1. Could you tell me which of the pairs K284/K333; K309/K367; K333/K375; K185/K309; K185/K320; K185/K299 are separated by over 25 angstrom between their Cα atoms in the structure shown?
2. Indicate the gyration tensor shape class of region 200-271 (rounded, prolate or oblate), computed on the Cα atoms with a ≥ b ≥ c the square roots of the eigenvalues: a/c under 1.5 is rounded; otherwise a/b larger than b/c is prolate and the rest oblate.
3. Have a look at T123, L459, G471 and report the one farthest towards the positive end of the charge dipole of the chain, computed about the Cα centre with Cβ charges (Lys/Arg +1, Asp/Glu -1).
4. What is region 432-490 by shape, rounded, prolate or oblate, if you read a ≥ b ≥ c off the alpha carbon gyration tensor as root eigenvalues and call it rounded for a/c under 1.5, prolate for a/b larger than b/c, and oblate otherwise?
5. Above 12 angstrom, tally the Cα pairs of region 51-104 and express them as a % of all pairs, no decimals.
6. Of all beta bridges DSSP finds with both residues in the chain, what is the antiparallel percent, to the nearest 5?
7. For the chain, what does the helix formula give at 222 nm: sum of -39500 (n - 2.57) over DSSP H segments with n ≥ 4, over the residue count, nearest 500 deg cm²/dmol?
8. Which whole-number percentage describes the relative contact order of the chain, with Cα contacts under 8 Å and a sequence gap of 6 or more?
Amino acid sequence: MNILELSEQEIFRRNSMEQLRQLGIEPYPAAEYVTNAYSKEIKDSFRDDAERRSVCVAGRIMSRRIMGKASFMELQDAEGRIQIYITRDDICPGEDKTLYATVFKKLLDIGDYVGIKGFVFRTQMGEISIHAEELAILAKSLRPLPVVKMKDGVAYDGFNDPEQRYRQRYVDMIVNEGVRDIFVKRTKIFNAMRAFFNERGYLEVDTPVLQSIPGGAAARPFITHHNALDIDLYLRIANELYLKRLIVGGFDGVYEFSRNFRNEGMDRTHNPEFTVMEIYVAYKDYLWMMDFTEQLLEKICLDVHGTTKVMFAGKEIDFKAPYKRVTMMDAIKENTGVDIAGMDESGLRDVCRQLGVEQDGTMGKGKLIDAIFGKKCEANYVQPTFITDYPVEMSPLTKKHRGNPCLTERFELMICGKEVANAYSELNDPVDQRIRFEEQLRLSEKGDDEAMFIDQDFLRALEYGMPPTSGMGIGMDRLAMFLTGQESIQEVLFFPQMRPEKPAKQEAPESSENVIKE
């Protein structure tokens, strides 16, 4: 980096780094630093009448108050923050006071990583703290952290700009309380779901991300090129067809947490790269899968929150089973007053015009119905609700309804107007499946760039015989949004997709000043 591009603070910190080395102190030591406690556990377990406890902790300096021979600093570790009390004579018991007078007072900065050995006590102000007996430098921070300033009870200069926060998630997690907790809960959601499946004997598997045919969903794929084979490949839009091949192969239940990619728009509930869990269970149908889904989500909510109720967008959402069930045709009729059952494409276009729903010439019956439902119905389903029995044209991989061949045995779980889960009684008739694929091909020729390809190998697999099967996909990022109370998908992704940064001179955020009282 050109020294002319550095801020005054960055130059100062680099000089401090070099001075440490001149004193024989490595600012980035290689040796292991063994800790035995974390801030939260120390404070939770402290008792005034207990024996004095020695601890060794490590973390980042978040604030300092230097007052001559004694000082305080706040240390942040993986679980929270704790106050450290430091005196010159404790960390420099001999004649040489360099470590305190020069290193601690002048060469350490907010943001640096240090290790502290000492004992736990309560200060006169009542704060549980660590009395430091040893201090070790573990990593020097060369960039100043943004620090919130308070004036008349109002916070200024916080690290709150969404674009900055998403680009520099590492800073976001350091300075914004609660951000890391969102991602801890996200992991708990995955772990709870995985445990639920494993307890029932279902097998977790991996399927290809690079695919010769993007199948299993109606979506626009990303295309890449394999140099060694000199062929174009697609990043998967779904893993459905591969998981069903495994059911053909003899597994009774398989699931996968799948990283999927769709070359489509971005908004508060869509990211081009996202995580879906898909599960397929042999000898089951979509009615069984609805019961299974209710049990699953209720259990996850209890594991993560200890209750089935969560707050989202100012509304209390209750994941306790059972959930309301409404057919798609009834949902449209209830919300628009129009009965579209049995309508042809022309009639549906008339309904779209009547209701003010956008359409174009590439849309077939399935997309027209989907557009009506999306525009006029979705937002009205706040509590978990199963929308069931979709038209055949909307569901090319789904078995026809046992009571009405114009419909399919499919449901989507809606929460706060958003789809969270999608499930079928899987189509296992290879002749019917080929007809459905061919209809998708006609839609593609008509201009629908989300229509499915014909996957000849999948059809061949079905011809060997697939047992009756139910499958379900859950959007894990959306589920994480609801269970952590976040209204934007970017808040539950560590590193959401962003436009490239424009090349520009780096402006370092304003740092806090060490408060020094001699």
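The values are calculated or read from the model by the stated rules, or taken from the named source; none is laboratory data. Keep in mind that what you see is a predicted model, and the values were worked out from it rather than measured. Reconstructed Cβ throughout: ideal geometry from the backbone, glycine too, with neighbour counts over all protein chains shown. Calculation scope for accessible area: heavy atoms of the full protein, side chains included, ligands and nucleic acids excluded. Shrake-Rupley method; radii C 1.70, N 1.55, O 1.52, S 1.80 Å.
1. K284/K333; K309/K367
2. Oblate, because a/c is 1.5 or more while a/b does not exceed b/c.
3. Projecting each Cα onto the dipole axis, the largest value belongs to T123.
4. Verdict is oblate for region 432-490.
5. Counting pairs separated by more than 12 Å, the tail of P(r) holds 68 percent.
6. Counting DSSP beta bridges with both partners in the chain, the antiparallel share is about 85 percent.
7. After summing the helix terms and dividing by residue count, I get -9000 deg cm²/dmol.
8. Relative contact order, the chain: 15 percent.
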